[in-house]
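The values are calculated or read from the model by the stated rules, or taken from the named source; none is laboratory data. Because the structure is predicted, anything quoted here is derived from the model rather than measured. Note that we place each Cβ from the backbone using ideal geometry, even for glycine, and neighbour counts take in every protein chain shown.
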Amino acid sequence: MSRVALVTGGTRGIGAAIATALKAEGYTVAANFAGNEEAAAKFTAETGIATYKWSVADYDACVAGIAKVEADLGPVEVLVNNAGITRDGMFHKMTRDQWQEVIDTNLSGVFNMTHPIWNGMRDRKFGRVINISSINGQKGQMGQTNYSAAKAGDLGFTKALAQEGAFKGITVNAICPGYIGTEMVMAVPEKVRESIIAQIPVGRLGEASEIARCVVFLASDDAGFVTGSTITANGGQYFV
Ligand code: NDP
């Protein structure tokens with residue numbers, strides 16, 4: 001049996017590592033992306049994984065995109081809500097656009113993707129929804145009120161939906177990565193990055209593959225009793 005897994009933002013960074021790891025485990029994988037065609041083409045050439053372009057911030061586009069994936073590959077049984085953006089700025093300078101774009105992608109995007117897939121999972125009495133939140137949704141981060149609010153919202157969504165899915169064979173979990181060496185983090189100035197690494201007990205950035213292994217576990221049959229949970233993978237930075 002080859003389950004179908006759909007990874008949003010699956011062509012770069014953490015999402016690409018997740019998609020690749022799920023494929024290696026035998027899943028039939030679809031990777032969604034927003035607009036970087038070059039990265040998507042490179043990813044498919046390297047992995048053979050099919051890519052699908054739409055914005056998770058657009059509900060109608062999600063409905064149409066998911067319908068295309070399911071027509072091509074079959075019903076989505078594992079959904080990894082990984083797509084995310086940053087539009088950082090101190091709150092006194094933050095624009096409404098910066099706020100809204102991050103909420104639309106990082107929080108509403110999780111609704112937009114899960115909602116059209118949910119009833120199918122209920123009907124089939126099996127599903128795995130895995131939401132990639134963030135350490136900054138747990139602890140809050142200066143300069144990221146928008147991002148921290150959205151990522152904390154993802155954790156509330158996860159815990160509430162887990163209760164609704166529990167008696168239908170669907171688990172809903174979150175992962176809170178700490179700082180991972182993807183383009184998102186490599187884009188911050190080197191000095192800032194050095195100060196970030198100094199706060200990580202293991203003394204280095206995480207690797208995307210280390211988050212992917214957590215996803216593989218949560219997607220597996222072995223994780224059937226794990227729902228409403230958050231896996232914190234941040235190199236020893238502890239936040240409740
Ligand atoms: P990257 O910026 O490296 O990759 C982001 C991916 O998301 C790309 O594939 C991008 O597509 C896609 N994407 C962005 N916006 C949309 C959208 N509206 N619709 C569909 N796809 C979209 O990010 P990371 O790999 O660093 O981060 C992945 C997730 O992990 C995010 O949710 C992030 O918040 C979270 N995270 C990351 C941490 C880190 O240290 N890197 C730490 C904690 C959490 P395209 O290539 O087309 O632009």
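Summary of values
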| item | result |
| --- | --- |
| Cross-chain or 6+ apart pairs with Cβ under 7 Å, region 76-103 first and farther than 18 Å from Glu183 by Cβ and within 12 Å of the ligand (Cβ to nearest atom), then at pLDDT 95 or above and among the polar types (S, T, N, Q) | Val80/Thr8; Asn81/Thr8; Asn81/Thr114; Asn81/Asn131; Ile103/Asn146 |
| Residue, modelled with the highest pLDDT, within region 168-188, restricted to residues that are within 6 Å of the ligand (Cβ to nearest atom) and among the hydrophobic types (A, V, I, L, M, F, W, C) | Ile180 |
| Criterion: within 9 Å of the ligand (Cβ to nearest atom), out of contact with any Phe, Trp or Tyr (no Cβ under 6 Å at 6 or more places or on another chain) and basic (Lys, Arg) - qualifying residue of Lys191, Lys151 | Lys151 |
| Test for Ala219: is it buried (at least 22 other Cβ atoms within 10 Å of the Cβ) and away from the ligand (no atom under 12 Å from the Cβ) | yes |
| Close pairs from region 116-142: first more than 12 Å from Gly169 (Cα to Cα) and within 10 Å of the ligand (Cβ to nearest atom), partner of a type in the set (Val, Ile, Thr) and assigned to a strand (DSSP E or B), Cβ under 6 Å, at least 6 apart | Ile132/Ile175 |
| Residue in region 117-134 that is among the charged types (D, E, K, R), touching a strand residue (DSSP E or B) at 6+ places or on another chain (Cβ under 6 Å) and part of a helix (DSSP H, G or I) present | no |
| Residue tally, condition near the ligand (Cβ under 8 Å from one of its atoms), of a type outside the set (Phe, Trp, Tyr) and either crowded, with 19+ Cβ neighbours inside 10 Å or not in a helix (DSSP H, G or I) (or both), over region 32-57 | 9 |
| Residue count for region 102-125, restricted to those that are over 15 Å from Leu6 (Cα atoms) and buried (at least 17 other Cβ atoms within 10 Å of the Cβ) | 7 |
